[in-house]
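Worksheet: the structure to be examined is printed underneath.
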Amino acid sequence: MAFHGIKTNIAIKLAFLLAVSMLLVDIIMVITAQRDYVQSAISKGYLLSYDIEKHLIKKSDTGVFILQPDYSEMLSVILNMAGFSCAIIQDRNSNIIYQNSPACPLFDELKVITKESIESSRKKTRLTGTAWGVFWMQDRHLVVSVPLLMDGRAEAGAGIVMELENIYKVLRRTQKVLFVYFVINLFVLTLTGLYLILNIAVKPVQRIVKRAEEFREEDDFFFLYGSQDNEFDKLSKALNRLLKRVSEDKAKLHATISSLEKANVDLKQAQNDVIRAEKLASVGRLSSGIAHEVGNPIGIIIGYLELLKQKNIPDDEKNEYIKRAENEINRVNGIIGQLLDFSRPSEVKPEIVSAHEVIEDVAEIIRFQPFMSGIDFKISLEAEEDGVLSDPNQLRQIFLNLIINAADAISSSKNKLIGKLLIKSEVVSEPDNKPINDKPYLKISFIDNGSGIPEKSIGNIFDPFYTTKEPGKGTGLGLFVSFALLDGMGGKIKVRSVDGEGTTMSVYLTLNNETDRI
């Protein structure tokens, strides 16, 4: 953990930067020193050539150039002392006047450059060969050639060779000393720089972090600052202002959250009230049909009771009348129970239910309704699976709303005598190629041949209180409630309609079974 601390990171980066900077300075110093050494060697060659020029004489009888007596030995000593390994003196005709080392490896090259110098009457320098320098490969030999003038004319020339490896050896020895200073300076400068940076930047940050860890809401001035008015003092002041605004807004935030929670509760209650209102509206429409349906069995029961008043009825017939009356009473009780189950408020308890059974229950309720008269009502439940995770009461309300809407659309159509309503089911993999999740779906379609929906109205049919029915014949909440209930249980509803020809409402519910719940 300490390795990744800010002190360690600063020390490593500071040492790296110092090492790189000192290494660059060292390289520049080596290059500069090497250049000065070479320039000094060239200057030595020029000075030596001037001395040779003074001791060069021409024999009057033969016209051949020679060095003054005893100067040849002195010249060899001077060359060795100056560090030149090879030297020659030759005249314009390439005749060798002097050569200090017969085994000079650059003898031929030295003759060529010396002749070029004589012919051009110019000094020449050349670097040849390769040898290991200080940091990389460098030139090995320095060749200097100078023309020797007699009466203003270049009559001869001197060529000398210096081994640069001697210079490199001196520089490498110097590097050993510099390396010691390099390590010492790196250590000292790194510690000094780290100390200064810690005092200037790191310690103020650490103080801010420590204060942040000791945060107390009641502190008026949380982050301390001095009088230097530097960046850290400005940061502390800015943080104090920020925390003060946060503290001031905290109460408002709590109040807003409480208000939102209350609004959410009220919204849920309002939504339940809307669903309840729509349910009661549907119950109201069912009442007349149920009253008629209940009236028939009650009339039959009264008839059986009249028969039972007769005293001469055999016991077996009396028991038969009682049994039939009991059946009719159970029938009435079942009808009333269905209506009560549908109308009473209930706590939402999702469970795996059979969608087909719910559809058949709703169908039993609406078959005898007056608004279904004249409508060819068919059910085709072909889906192999119909288990869905839902609240059965909510599912009944959805299906009943869609059936009532379809019946109203048929009754308002010009083709009332041939009204048709079909409910069919099938298993699909995706709802209209727009997947909700990776499970298969139960698609339940409500297909009618009613008046259809105008294209301009399709986008609004799921809005609350939107209706195309005459005033007093609809609340405008049926499709809105159905849409909201389906959305809450993770389902979808799609509509396809052609104005004047009919409408198809498709409900998509995710299939579930007992294994899915585990």
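Here are the numbers for the structure shown:
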read-out: Odd one out for residue 70 among (1) acidic (Asp, Glu); (2) free of Cβ contacts under 8 Å to residues at least 60 places away in the same chain; (3) under 21 Å from residue 157 (Cβ atoms); value: (3)
read-out: Matching residues in segment 112-149 - criterion: being at pLDDT below 80 and touching a Lys or Arg at 6+ places or on another chain (Cβ under 7 Å); value: 134
read-out: Residue match in segment 398-413 (condition: outside any helix (DSSP H, G or I), at pLDDT below 90 and at negative phi); value: yes
read-out: Subset tally (residues that are over 40 Å from the mean Cα position of the chain (by Cα), assigned to a strand (DSSP E or B) and not polar (S, T, N, Q)) for segment 486-504; value: 2
read-out: Qualifying residue in segment 135-147 (condition: touching a residue at least 60 places away in the same chain (Cβ under 8 Å) and within 60 Å of the chain's Cα centre (by Cα)); value: yes
read-out: Single residue of 444, 453 found to be at pLDDT 90 or above, over 38 Å from the mean Cα position of the chain (by Cα) and β-branched (Val, Ile, Thr); value: 444
read-out: Residues (among the small types (Gly, Ala, Ser) and modelled with pLDDT under 70) located in segment 312-348; value: 334, 337, 343, 346
read-out: Filtered residues of segment 349-365 (kept if at pLDDT below 75 and surrounded by 13 or more Cβ atoms within 10 Å (Cβ to Cβ)); value: 365
read-out: Residue match in segment 158-170 (condition: part of a helix (DSSP H, G or I), of a type in the set (S, T, N, Q) and either within 21 Å of residue 105 (Cα to Cα) or touching a residue at least 40 places away in the same chain (Cβ under 8 Å) (or both)); value: yes
read-out: Boolean, residue 138 is in the same structural domain as residue 165 (by TED's automatic domain parsing), crowded, with 17+ Cβ neighbours inside 10 Å and touching a Gly at 6+ places or on another chain (Cβ under 7 Å); value: no
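The rows are residues; the columns are (1) touching a residue at least 40 places away in the same chain (Cβ under 8 Å); (2) farther than 30 Å from residue 197 by Cα; (3) more than 60 Å from the chain's Cα centre (by Cα).
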{"position": "25", "(1), (2), (3)": "no, no, no"}
{"position": "42", "(1), (2), (3)": "yes, yes, yes"}
{"position": "48", "(1), (2), (3)": "yes, yes, yes"}
{"position": "80", "(1), (2), (3)": "no, yes, yes"}
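The values are calculated or read from the model by the stated rules, or taken from the named source; none is laboratory data. The structure displayed is predicted, hence computed values, not measured ones. No Cβ is skipped: glycine too gets one built from the backbone with ideal geometry, and neighbour counts run over all protein chains shown.
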